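The values are calculated or read from the model by the stated rules, or taken from the named source; none is laboratory data. Small disclaimer: the values here were computed from a predicted structure and weren't measured. Don't worry about glycine lacking a Cβ; one is built from the backbone with ideal geometry, like all the others, and counts go over all protein chains shown. Side chains are part of the model used for accessible areas, which takes the heavy atoms of the whole protein and leaves out ligands, DNA and RNA. Shrake-Rupley method; radii C 1.70, N 1.55, O 1.52, S 1.80 Å.
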Amino acid sequence: MQTDDLINLLAKDAHVRVRFGHIFRIALAIGVVISAVLLLSTLGIRKNMAEMIETPRVLFKLGLTLLLAITATRLAFLIGKPGVSLRSAALTLLLPLSALLIGIAAELSVVPAAAWGASVEGRYSSFCLFFVPTLSIAPLAAILYSIRQGAPQNPGLAGAVAGLAAGGIAAAIYAWHCPDDSPLFLATWYSIGILVVTAAGSLIGRRVLRW
Amino acid sequence: MNHSAREEEWAAWMCAAMAGDTLAYHHFLKAITPYLRSIARRRCDQFGAPPSEVEDVVQEVLLAVHLKRGTWDTSRPVGPWLSAIVRNKLIDSLRRRGRHVSVPIEDVMETLEAIPHDEGADRLDVDRMLEGLRDPQRDIVRSISLGGAGIRETAERLQMTEGAVRVALHRALKGLAALYRSDRRANG
């Protein structure tokens with residue numbers, strides 16, 4: 001086949017049915033809704049959330065996980081678009097990171113050293129370790145599917161970012177149930193769960209995000 | 001025509017193409033091909049790939065541009081988008097041909113800005129790749145590319161609706177790109 005013939009062929013398929021941004025938003029919404037419903041139908045929202053939501057630790061937990069979810073998802077969206085600079089979006093990931101460090105410092109300064117161990121340990125770390133990865137499955141599938149329609153330069157990295165975003169979303173959802181409020185707990189168990197999802201995203205991305 | 005005027009023309013064609021204007025899309029693809037060929041030729045030279053592979057690389061890049069055009073944000077300039085796709089696909093394609101390559105994005109941009117001198121070539125691997133497709137996809141691809149038939153003619157001949165032919169054509173093109181990827185990997 002001559003190149004001109006191929007061009008004729010491609011030209012006949014000119015119309016773009018779905019734009020990348022559109023796919024991403026729809027898939028993401030579906031993924032988030034599935035995970036939210038999954039939490040509501042299994043564990044449910046924390047019983048005393050109405051009162052607890054006003055306490056600084058709970059506010060911090062909800063805010064931080066949401067911040068990670070938003071910044072990482074934005075990066076995941078851009079990473080599928082060729083020729084777009086990722087620098088500023090990548091730098092915004094420092095926001096949740098520095099917020100976490102500030103939270104840890106604040107916690108260490110108000111909690112006596114003898115109680116640090118108990119704060120890290122929390123009460124339901126195994127729930128956290130199970131639910132963060134579980135709640136991330138649907139968003140991860142949605143984000144990987146979307147990026148697959150795009151053209152990421154580095155499939156492994158794009159997969160990792162997808163995993164980080166999905167982990168952040170899962171954390172932001174699980175935080176509405178989670179009864180452990182210390183930033184030390186957050187820094188330990190949530191981080192492990194999110195890192196597991198990030199690693200999984202990278203491994204899957206290497207396979208499915210090639211184009 | 002200077003570079004920015006040309007880029008604006010490309011962007012206008014691409015915009016129209018995404019809305020379904022096949023003629024504009026044809027102009028766009030015809031216009032970028034000489035540039036793709038000149039980049040591909042330079043890279044094949046540099047990394048010791050035989051010149052016969054140049055046209056394969058060009059066609060693979062064209063397919064990638066085609067399948068990923070939904071990622072172009074019409075509010076952004078088309079040049080950087082195109083350069084990024086071309087560069088990534090070029091690296092990928094040469095790598096699968098067994099070359100360890102790196103292609104600086106600046107080089108791609110520069111080539112896109114230069115005036116190409118074009119000599120067309122043909123030979124294609126796509127022919128062999130077509131064997132990997134199933135009917136009616138293969139039939140549709142043959143009919144349109146080699147026979148020069150339109151969507152409507154093809155639909156009438158195969159007794160399909162035009163919509164079904166369009167969908168099958170799109171799938172066939174996706175299939176071709178996937179065949180390229182798997183074929184090269186399997187062959188080393």
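Here are the numbers:
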quantity	calculated
Evaluation of A:Asp180 against (1) over 15 Å from the mean Cα position of the chain (by Cα); (2) free of Cβ contacts under 8 Å to residues at least 60 places away in the same chain; (3) surrounded by fewer than 16 Cβ atoms within 10 Å (Cβ to Cβ) (one fails), failing number	(3)
Scan of region A:7-41 for residues that are assigned to a helix (DSSP H, G or I) and basic (Lys, Arg), ordered by number	A:Arg25
Exclusive hit being in contact with a helix residue (DSSP H, G or I) (Cβ under 6 Å, 6 or more places away or on another chain) and more than 14 Å from chain B (Cβ to nearest Cβ), set A:Thr55, A:Thr65	A:Thr65
Where A:Phe60 falls short, out of the listed (1) assigned to a helix (DSSP H, G or I); (2) open to solvent by less than 20 Å² (accessible area, probe 1.4 Å); (3) touching a residue at least 12 places away in the same chain (Cβ under 8 Å)	(2)
Test for B:Arg42: is it more than 7 Å from chain A (Cβ to nearest Cβ), in contact with a Ser or Thr (Cβ under 9 Å, 6 or more places away or on another chain), surrounded by fewer than 19 Cβ atoms within 10 Å (Cβ to Cβ) and in contact (Cβ under 8 Å) with a residue 40 or more places away in the chain	yes
Criterion violated by B:Glu106 - all others in (1) more than 10 Å from chain A (Cβ to nearest Cβ); (2) more than 20 Å from A:Gln149 (Cα to Cα); (3) modelled with pLDDT of 85 or more; (4) assigned to a helix (DSSP H, G or I) satisfied	(3)
Number of the condition not met by A:Arg207 [criteria: (1) within 21 Å of A:Leu101 (Cβ to Cβ); (2) open to solvent by 20 Å² or more (accessible area, probe 1.4 Å)]	(1)
Hey, A:Gly163 surrounded by 24 or more Cβ atoms within 10 Å (Cβ to Cβ) and in contact with a Ser or Thr (Cβ under 8 Å, 6 or more places away or on another chain) or not	yes
Tally, over region B:1-30, of residues that are touching a residue at least 60 places away in the same chain (Cβ under 8 Å) and within 8 Å of chain A (Cβ to nearest Cβ)	0
